[in-house]
1. If I take every Cα pair under 8 Å that is 6 or more residues apart in segment 144-238, average their sequence separation and divide by the length, what percent do I get for the relative contact order?
2. Under a Cβ-only charge scheme (Lys and Arg +1, Asp and Glu -1), can you give me the dipole magnitude of the chain about the Cα centre, in debye to the nearest 20?
3. Which order do peptides 249-259, 111-121 fall in by mean Cβ count within 10 Å, highest first?
4. What is the sum of charges, Lys and Arg at +1 and Asp and Glu at -1, for the other residues whose Cβ falls under 9 Å from the Cβ of VAL331?
5. Run the helix sum for the chain: -39,500 (n - 2.57) per DSSP H stretch of 4+ residues, divided by residue count, reported at 222 nm to the nearest 500 deg cm²/dmol.
6. From the square roots a ≥ b ≥ c of the eigenvalues of the alpha-carbon gyration tensor of segment 240-359, which class results: rounded (a/c under 1.5), prolate (a/b over b/c), or oblate?
7. Using the Cα centre as the reference, give the magnitude of the dipole from point charges on the C-beta atoms of segment 66-107 (Lys, Arg: +1; Asp, Glu: -1; all else neutral), rounded to the nearest 20 debye.
8. Work out the length of the dipole vector of segment 172-238 about its Cα centre, built from +1 on the beta-carbon of each Lys and Arg and -1 on the beta-carbon of each Asp and Glu, and round it to the nearest 20 debye.
Amino acid sequence: MRKKTGDASFFLLALILILLILGIVFSIFTFRSNPVEDAIAGNRIINILFVIEDSRMPLSTYVLMYYPATKRAAIFDIPGDLGLLISRINRVDRIDRVYDSSSASYSGRIGNYQREIERLLGIEINFSAVITRENLVSIVDILEGVEIFIPSRVFFRDDDDIILFPSGMTVLDGAKAGIYATYSLTHEDSEMEMFRRQRFFLGYLNRQIQMNESLKNPMTAKMYYSLFKTNMNQRALLRLFDEFTNIDIDRTNIQFVGGNLREVSEQMLIIPHWGGNLIKEIVRQTSGTLTREIETHMIERTLTVEVLNGTAVNGLAGRTAEMLRSFGYDVISIGNADRSNYDSTVIIHHSGDDEMVEAFADVIRCTNIRREFLQPEELEIDPVNMNIEYKADITLLIGRNFNGRYVVGN
């Protein structure tokens, strides 16, 4: 009897010891393991999905791509009415249709939506965070307001309330930010609405960077973290925000995932250009830009482009300009060439970095590049600073061998 009691005591003690050791190992692993830290150390682009949710549906969706080695970032705006062949339901529908607002769990709510965005962009999204409209109010208040520029005065009536946003630089508190980031007016141009929400998101990121040190206060950090629905723990999320302080928001652009507006199943949808292949190429090009090392003495900037139509195809210059803007290029003018029977497409390189021009040429698969200095009378002179500037870094002269997307033969 004593032997059995002794054996039972021994096994119980051994079990307690094993559980204790496992608990210590788990605690050490949990404490040391930080997926954001691992991603930064992995020397790869980190992709983060941000969703601003209103009435349990995504109102604004952004994918932020960040490369720690160069401290550069890019942001893509994913419209909810983007039309895709949704694999889950096997039909063309709005991309936000797969956002499961009825799911109680975070992964169930955003999982299918995230997967469709990954398929659209051709990337893997590492981290995600959802901000509800109600929590956005509290987030902005913790940040002590978000400063944005409002180009023109906004005035409208919402139920019995009068909403007024004056023009100029304005600091929005939480309540005003909640309205400004989510309101929609029937008479407001859709592009202006998109631009407004993009400016707010950039303003929010910039303010978060400015207030980063105050967010490290333990009580503030706990409260701030509770306002996000995310697949990161508190330590990982705050480490990510800490890394964001390296981003120059003023030089970070938001690119809109666009397409052609078409009616599908009695609803207007944005159908991505070239069957979705264009946006994947844009993302690939953006990834190359983020990871490309730039010498410190060089000023990183966007190439300016002039597009000239040297064919008889009406509107080709305008459509090409739209495509190039999707890649982030600054198309400053479009027009017709001196004649409409050019056989070959040519890139005329006036100024700028050779490597950037080659990257531009790769976008349209053009190998016909000619360097040509402008004559003095073709230069623009800044009358204030007396600086001489070229009208554009590149002139793209479209020939018959351009099919609207690529040069076919050179």
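The values are calculated or read from the model by the stated rules, or taken from the named source; none is laboratory data. Computed from a prediction, not measured in an experiment: that's the story for all the values here. Here Cβ is always computed from backbone atoms with ideal geometry, including for glycine, and neighbour counts include all displayed protein chains. We work out accessible area using only protein heavy atoms, side chains counted, and drop any ligands, DNA or RNA first. Shrake-Rupley method; radii C 1.70, N 1.55, O 1.52, S 1.80 Å.
1. 23 percent.
2. 2100 debye
3. 111-121, 249-259
4. Working: positive: ARG325; negative: GLU306, GLU322, ASP330.
Within the 9 Å Cβ shell, the charges total -2.
5. Values: 11 runs with 147 residues, N = 410.
Per the formula, -11500 deg cm²/dmol.
6. Verdict is oblate for segment 240-359.
7. Values: 6 positive and 5 negative charges, 39 e Å.
Approximately 180 debye in magnitude.
8. 420 debye
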